[in-house]
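Here the structure is laid out as structure tokens; the discussion comes afterwards.
Since every read-out is calculated from the coordinates, none of them should be taken as a lab result. Computed from a prediction, not measured in an experiment: that's the story for all the values here. Please note: Cβ atoms are built from the backbone with ideal geometry, for glycine as well, and neighbour counts cover all protein chains shown.
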């Protein structure tokens, strides 16, 4: 996901339509916050299956997904808000 975003931002020709370009819409702080979220959010299906197989419990599997998503959201929120407080935008 991050590689795709980077490739799209670097290689596209934005001269024809600057207003709709991602560079005009996403600030570096928002990009950093998004990258942190994308790196921490829910794991791939194979990992979820492995958690389910080894724990033998849907509760633990769902708990791991919820906790991972909550940690990703909180980390992203914290980075964005701290960045805004420090004057980055």
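Obtain the nm distance between the two label points defined at residue 46 and residue 66 by a simple spin-label model: each point lies 7 Å from its Cα along the Cα-to-C-beta direction.
Reported label-point gap for residue 46 and residue 66 is 2.8 nm.
Stretch residue 84-residue 39 to full length: gain in nm at 0.36 nm per residue minus the Cα-Cα span?
14.1 nm
For segment 27-89, treating each Cα as an identical point scatterer without solvent, what Debye log10 I(q)/I(0) comes out at q = 0.12, 0.17, 0.18, 0.19 1/Å?
Log-scaled intensity ratios, in q order: -0.39, -0.61, -0.65, -0.69.
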